[in-house]
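The values are calculated or read from the model by the stated rules, or taken from the named source; none is laboratory data. Given the structure is predicted, the values throughout are model-derived calculations rather than measurements. Here the Cβ positions follow ideal geometry from the backbone for every residue, glycine too, while neighbour counts run over all protein chains shown.
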Amino acid sequence: MNYMHILPIHTKDVKGLTSLFNKQTSSDEFLYQNLNEDAFKLKFMNSNKAYNIYTFVAKSDNQALGFISGVYDKTTKKAYITIIIVDEKHRRKGIGSKLLKVLEYTLLKEALEQRKIEIVFFNPLNLSWHIPNTNALHPNAPGIDKLSNAYLFFKEHGYIDFAVQNVYYMEIKNYLYSAETLKVLNKVEQAGFKIDYYDVENDYGLEALLDHLGSLVWKNEVLNHIKQKGKENTLLVPTLDNKVLGFTGPLRLEDSGRGYFAGIGTHADVRGKGIGKALFARLIHGLKDIGASYMTLFTGENNPARRLYEKEGFEIVRTYINLRKVDF
């Protein structure tokens with residue numbers, strides 16, 4: 001190998017890098033969905049008003065040996081690494097280390113206030129990946145795959161674990177309420193709670209609930225959905241005398257057959273009453289009813305919500321690690 005250059009990505013690199021990306025998908029550790037050239041540019045070149053994308057290419061004799069890409073979120077002022085790939089014929093030559101050094105230097109010039117870089121699901125740039133041994137897709141990688149060589153690579157370069165995310169999968173096309181779930185649904189109903197799509201004219205307290213739950217991502221998506229859809233919204237909410245005490249949804253069928261929802265949450269004042277379990281069961285059934293054949297989701301290793309998912313039959317199919325580096 002002759003002298004290697006690390007250069008910002010150029011449109012002339014896209015064809016070769018797309019091929020390199022797609023070549024990795026034959027590996028058991030690289031589960032990402034194949035990209036065409038337009039999708040590659042969207043993911044790794046097209047900065048916008050919300051975030052800047054930085055992608056660097058390692059080249060020798062005009063041949064791409066690998067690339068790395070990261071994002072600076074202008075709203076949160078946080079920096080993220082999205083992906084690193086080095087052609088397997090050129091690994092263990094220091095190429096990955098050099099790519100990482102250039103990207104870190106570039107991202108830290110943006111993230112002057114926080115001086116940290118993370119690999120985590122808050123990265124606004126998402127890459128879909130295949131659930132092993134199925135035809136299912138999950139729409140984002142919530143960290144770095146624990147089974148990948150990349151995980152060890154980043155650990156060796158000063159990145160430390162700070163959370164574990166488990167990805168769950170369940171086929172739902174034949175989903176039926178279990179006897180236990182039916183008891184919970186009946187109990188919730190007998191207590192006076194109603195679970196139905198959000199009534200824009202009569203229900204109240206949705207925004208206050210979202211503030212209570214504390215997720216800006218949830219708040220933005222839910223309120224935008226209600227604004228756009230109005231009476232035709234698909235947001236499931238439990239209410240008591242029309243006061244909103246939780247949410248899940250919006251329910252949507254994705255092209256892959258996956259049942260989409262942004263999240264699920266209940267007000268602290270009504271937890272322990274079975275409302276979360278009832279709401280989640282209604283979500284699964286509702287997604288099945290609109291044609292979804294499966295669901296995927298992820299949650300933290302220590303999140304009590306995992307018990308809710310596991311009781312309904314969801315199984316862990318992959319574990320991702322959230323990494324952070326602050327020692328620069």
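Annotations for the structure displayed:
- Residues (farther than 28 Å from residue 157 by Cβ, among the aliphatic types (A, V, I, L, M) and in contact (Cβ under 8 Å) with a residue 40 or more places away in the chain) located in the stretch 291-328: 292, 295, 297, 305
- The set of residues in the stretch 209-235 being under 17 Å from residue 266 (Cβ atoms) and in contact with a His (Cβ under 9 Å, 6 or more places away or on another chain) consists of 209, 212, 213, 235.
- Elements of type strands (runs of 3 or more DSSP E) in the stretch 211-328, at least 2 residues being closer than 21 Å to residue 129 by Cα and in contact with a Phe, Trp or Tyr (Cβ under 7 Å, 6 or more places away or on another chain): 294-300, 315-325
- Of everything listed in (1) surrounded by 14 or more Cβ atoms within 10 Å (Cβ to Cβ); (2) within 21 Å of residue 131 (Cβ to Cβ), the single unmet condition for residue 173 is (1).
- Filtered residues of the stretch 254-282 (kept if among the aliphatic types (A, V, I, L, M), surrounded by fewer than 22 Cβ atoms within 10 Å (Cβ to Cβ) and closer than 17 Å to residue 189 by Cα): 270
- Of the residues making up the stretch 152-170, just one is farther than 28 Å from residue 117 by Cβ and either surrounded by 20 or more Cβ atoms within 10 Å (Cβ to Cβ) or β-branched (Val, Ile, Thr) (or both), namely 169.
- Pairs where the first residue, in the stretch 221-240, is in contact (Cβ under 8 Å) with a residue 24 or more places away in the chain and the second is hydroxyl-bearing (Ser, Thr, Tyr) and assigned to a strand (DSSP E or B), C-beta under 6 Å, 6+ apart: 236/248
- Yes/no for residue 117 being touching a residue at least 60 places away in the same chain (Cβ under 8 Å), touching a helix residue (DSSP H, G or I) at 6+ places or on another chain (Cβ under 8 Å), within 25 Å of residue 5 (Cα to Cα) and of a type outside the set (Lys, Arg): yes
- Meets criteria (assigned by TED's automatic domain parsing to the domain that holds residue 83 and of a type outside the set (Lys, Arg)) for residue 191: no
- Evaluated against (1) under 25 Å from residue 311 (Cα atoms); (2) in contact with a strand residue (DSSP E or B) (Cβ under 7 Å, 6 or more places away or on another chain), residue 243 falls short on exactly one condition, (1).
- Total residues in the stretch 164-179, condition in a strand (DSSP E or B) and of a type outside the set (D, E, K, R): 7
- Qualifying position, being under 27 Å from residue 291 (Cα atoms) and either among the small types (Gly, Ala, Ser) or surrounded by 13 or more Cβ atoms within 10 Å (Cβ to Cβ) (or both), among 240, 209, 251, 213: 251
- Scanning the stretch 151-172 for residues that are over 18 Å from the mean Cα position of the chain (by Cα) and not basic (Lys, Arg) returns 152, 153, 154, 156, 157, 158, 159, 160, 171, 172.
- Residue 182 fulfils the conditions (1) farther than 30 Å from residue 120 by Cβ; (2) among the hydrophobic types (A, V, I, L, M, F, W, C); (3) part of a strand (DSSP E or B) except for a single criterion, (3).
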